[in-house]
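Below is one structure, written out as structure tokens; the observations come after it.
The values are calculated or read from the model by the stated rules, or taken from the named source; none is laboratory data. Since this is a predicted model, take the numbers as computed values, not measurements. We place every Cβ from the backbone using ideal geometry, glycine too, and count neighbours over all the protein chains shown.
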């Protein structure tokens, strides 16, 4: 078995002290460029790998932040994780991602594991675990719960977004409108777009609105199932969905049924993931404010770490519609 290279081996090979090698790696002390270059050449040549946990214990920091999420298969959550990772990198932190699905016990266990010294802080994206429980599970490790952190919650204006969307469809002549709802938009609570949709249609004397609502599961498959269920009850001229993935499912269903989008069926999504601009026709959708949400979470987490945080009032974020080519005027 090959003997593992140590910092002493590197120092001997370069002809400097172990502390000089250590300072060259950490950047804590100024080392001449020529010496640094020789040190890093020997590190590569000897395949020296610093002991991560020894360094973490010495520095009382891992420079890692745990992101605990239910999934990253869908473009929406994946984009949020990517954006959080980039924002953390701006502050010299690396992200470690743990995926648990919507299994409550797996989520709890992942938060416990991350809070045993593996990371310096945690961002909880799990919809099934609220801010109070996350803090209990993480103990002394700072944790921020996505959108719902009790100390500084963010609120997305789903109600205003839904009214704007429905006004847009109505102004384009659509009267029979279906909705494929999201079950994780407000986990454990009804999708707020449902009540706005029902009130809007009732105010315009459109009957049987509930027949045109399908409880989706945020996937392409549930978009297909939702479109099939809605059309089995009534032929609608437009469908809007709780996320872009379900809108892509409606596209797939329409293709299989040989229905043209938008001429025979208009579609509106939510999230504005990159794929929304590349499907044919490009999807009209609402933009999830991913940059603002990521910046808020990281700022809040660092403030908790540095013990400079002060509780904030709830803040509402509005979502902007991106109009593309998936909605037509209904004559």
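Within region 230-241, the residues that satisfy the criterion of being touching a helix residue (DSSP H, G or I) at 6+ places or on another chain (Cβ under 7 Å) and either under 17 Å from residue 272 (Cβ atoms) or surrounded by 18 or more Cβ atoms within 10 Å (Cβ to Cβ) (or both) are 230, 236, 238, 239, 240, 241. Among the residues of region 84-119, those identified as more than 19 Å from the chain's Cα centre (by Cα) and crowded, with 20+ Cβ neighbours inside 10 Å are 115, 119. Any chance region 252-267 includes a residue that's closer than 21 Å to residue 79 by Cα and either within 16 Å of the chain's Cα centre (by Cα) or touching a residue at least 24 places away in the same chain (Cβ under 8 Å) (or both)? No.
Okay, residues lined up against (1) modelled with pLDDT of 75 or more; (2) in contact with a helix residue (DSSP H, G or I) (Cβ under 6 Å, 6 or more places away or on another chain):
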residue: 16; (1), (2): yes, no
residue: 24; (1), (2): yes, yes
residue: 32; (1), (2): yes, no
residue: 35; (1), (2): yes, no
residue: 38; (1), (2): yes, yes
residue: 55; (1), (2): no, no
residue: 59; (1), (2): no, no
residue: 66; (1), (2): yes, yes
residue: 77; (1), (2): yes, no
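Within region 54-73, can one find any residue that is touching a residue at least 40 places away in the same chain (Cβ under 8 Å), out of contact with any strand residue (DSSP E or B) (no Cβ under 8 Å at 6 or more places or on another chain) and outside any helix (DSSP H, G or I)? Yes, region 54-73 contains at least one residue that is touching a residue at least 40 places away in the same chain (Cβ under 8 Å), out of contact with any strand residue (DSSP E or B) (no Cβ under 8 Å at 6 or more places or on another chain) and outside any helix (DSSP H, G or I). When the criteria are applied in full, residue 247 fails the requirement of being surrounded by fewer than 21 Cβ atoms within 10 Å (Cβ to Cβ), assigned to a helix (DSSP H, G or I) and either in the same structural domain as residue 93 (by TED's automatic domain parsing) or touching a helix residue (DSSP H, G or I) at 6+ places or on another chain (Cβ under 8 Å) (or both). For region 196-229, a residue qualifies if it is part of a helix (DSSP H, G or I), touching a residue at least 24 places away in the same chain (Cβ under 8 Å) and surrounded by fewer than 18 Cβ atoms within 10 Å (Cβ to Cβ), and the qualifying residues are 221, 228. The set of residues in region 276-298 that are closer than 26 Å to residue 140 by Cβ and in contact with a helix residue (DSSP H, G or I) (Cβ under 9 Å, 6 or more places away or on another chain) comprises 293, 294, 295, 297, 298. Within region 268-286, being touching a residue at least 60 places away in the same chain (Cβ under 8 Å) and within 20 Å of the chain's Cα centre (by Cα) holds for 270, 271, 273, 274, 275, 286. When residues in region 181-195 are screened for being over 17 Å from residue 267 (Cα atoms), touching a helix residue (DSSP H, G or I) at 6+ places or on another chain (Cβ under 7 Å) and in a helix (DSSP H, G or I), 1 of them pass. Which of the residues that make up region 294-324 are in contact (Cβ under 8 Å) with a residue 12 or more places away in the chain and part of a helix (DSSP H, G or I)? Correct list: 294, 295, 296, 297, 298, 300, 301, 302, 304, 305.
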